[in-house]
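First the structure, in the form of structure tokens, and then the observations on it.
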Amino acid sequence: MPSPSAVVPGVGIQALILCGPGVSLNTFTANEEFLKALIPLANRPLIYFQLSWLKKSGITDITLITPPSTVAPLQAALQQNPHLTSLPSPSPSVLAPKGLDLNMGTAELLRLPEVQACIKTDFLLLPCDLVCEIPGESLLEAWMVSQSALGGSSTVSEGRNAHGPTSSGPGGEQGGRRGGLSVYYQTQGREESVKGEGTDFVAIAPLGEDEAPAVSHAVDGPAALRHNLSKVVLSMPMATVKGKMEGDKGLLLRHSLTDKHPRVKMLSTFRDAHLYIFPYWVKELALRQERFQSVSEDLVGFWAKAEWQQGLGEKLGMDEIFHREYDHHAESGSHDGESIEEEIDLLAMSTTKSRLNVNVASSDPISFASRVKISDATEKPGLKIPPLLAYVQRGSAPFVRRVDSSAILLSTSLRLAKLESIEEAGAAASPFAHPQKIAHPEGIAQRCTITKSDCLIGQNTTVESKCVIKESVIGANVKICSGARLQRCLIMDGATVNSSCTLTGCIIGRRAVIGKDSVLKDSEVGDGYLVEDETDAKNEKFMIFEGLEDDEDMDGSEDFDSEDE
């Protein structure tokens, strides 16, 4: 029997990666030539980690979405960067919608005509700064099994049934795969945790007996992930929750939530990874709700509430989305072989999950946030809201992290530097491991100290005598002059650290120069910046270009590559 990795569940699924310029890391992205997706993390561009993860998951239909101003450097990197060119074919495509600007939110982005035209099947949506060690095939398998995706991926058909996706779900919605899957990870108590990292508020409920996959206990392999699935019933940034609590003098919840889910668990130290597996119909939900700005707060948040808040699904237009194509089939009266096959209730035939019970919503619709567009449709009895499931990282689970701040960039780089190289670990090496810890041993002087177990040193880098380097990541073409001392530092490609410098907890940008006898602690030096000799600084940022504010670009609270900072 083939191994789980031999069965590729990602076929028929497409992926959209949101690549913003990254002002949350503006020390290193002030120049548009260096967008966020190309910032080096453990000597590889950030975008490498998503592309590698997707390729290993069997997904080859990958689209990078970026503003028109950053298309050229992104395409150049895909064609020239050795880490990106080493990935299996085909190369991802780059989409630069004309209407995409620096202030646009993720849900707004999904409504752009070019993005709507791009989405042709069920899809993954993820940011350009995600590092995920969870096997992608395990997430896809958990989603397929829990959502009864036995009919294959919902794709746009051609020919006589070109009006929509090819298969109909049990509730009347097109596509077979009814719900979605999101990922949340723990931010506290881990080696890579940083002080003050933003978190999200997420409330989860256990799956019912008629909803849970047929894995009743923890097991090894991909099936173990299915055992840890929950249902999302509330999701929003902690900043939003704190604002509500200040205004309402407490956290107010509707009775309908506890009536529907009496065993709710509320988490405040976890963060939304912004990794979503969405069914095809989410494309239309985003298009209909013109006031949705953020995917994580608006689209995901209202979808989660619609599952238990009566009438909300109708106000979101979900009934029309799910039943329009079903009604079309009924009115056409077609009984050819293809249509008959589409009407089969695959969920009832599944041996991995019980049939879902359909709850009849009988109460009147209730009002909710004014920014949601209210549909003119009347409430339809029997509307079943597809569940939004969550995989919540627990304990020593695989590594998951959003690398969207300087502190996280440094901590994550240092963590990855501790991984055993492929040369040392062989087949047991991590998917993030490098072939060797020191890529160019010839450039290392004999009279220097480097702790190989927690350091990475890139190609064509020279380290002169009497240097001491501990727990650091050194990029390619870097020059470390004699007597320099580095601890917990990230030195990017082409930088120069002159003689007798002492750097602790610093990030040095590409082609930056640190003057001799300088002492820097917990500081950042931007790309191409020249730090004068004998500089003594702590908690400083040295930049060539300044004046960009975090709340003015796509990394802000509603912006498309980092929604909840």
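Structure notes:
- Conditions (1) without any contact (Cβ under 8 Å) to a residue 24 or more places away in the chain; (2) within 30 Å of ASN26 (Cβ to Cβ); (3) not hydrophobic (A, V, I, L, M, F, W, C); number of the one not met by ARG447: (2)
- In the stretch 437-523, counting only strands (runs of 3 or more DSSP E) that sit wholly within it, none holds 3 or more residues that are out of contact with any strand residue (DSSP E or B) (no Cβ under 9 Å at 6 or more places or on another chain).
- Qualifying residues in the stretch 232-248 (those that are among the small types (Gly, Ala, Ser) and farther than 16 Å from VAL392 by Cβ) - the one nearest to the chain's Cα centre (by Cα): ALA239
- The residues of the stretch 450-472 that are hydrophobic (A, V, I, L, M, F, W, C) and within 17 Å of ILE422 (Cβ to Cβ), listed by number, are CYS455, LEU456, ILE457.
- Those strands (runs of 3 or more DSSP E) of the stretch 1-106 in which at least 3 residues are more than 16 Å from the chain's Cα centre (by Cα), at pLDDT 85 or above and more than 23 Å from ARG401 (Cβ to Cβ), considering only elements entirely within it, cover 93-95.
- Residue check for ASP553: under 17 Å from LEU35 (Cα atoms), under 30 Å from the mean Cα position of the chain (by Cα) and modelled with pLDDT under 95: yes
- Residues in the stretch 195-205 that are modelled with pLDDT under 90 and more than 19 Å from the chain's Cα centre (by Cα): LYS195, GLY196.
- Residue in the stretch 432-443 that is under 32 Å from the mean Cα position of the chain (by Cα), closer than 30 Å to GLN147 by Cβ and modelled with pLDDT under 95 present: yes
- Some residue of the stretch 274-296 being among the β-branched types (Val, Ile, Thr), within 23 Å of ARG178 (Cβ to Cβ) and part of a helix (DSSP H, G or I): yes
- Selection count where residues are without any contact (Cβ under 8 Å) to a residue 40 or more places away in the chain and of a type in the set (Lys, Arg), scope the stretch 517-545: 2
- If you go through the stretch 450-473 and keep only what is closer than 21 Å to ASP522 by Cβ and in contact (Cβ under 8 Å) with a residue 60 or more places away in the chain, you end up with LEU456, VAL473.
The values are calculated or read from the model by the stated rules, or taken from the named source; none is laboratory data. Everything numeric here is computed off the predicted structure, so don't read it as measured data. A quick note on method: Cβ atoms are made from the backbone with ideal geometry, for glycine too, and the neighbour counts reach across all protein chains shown.
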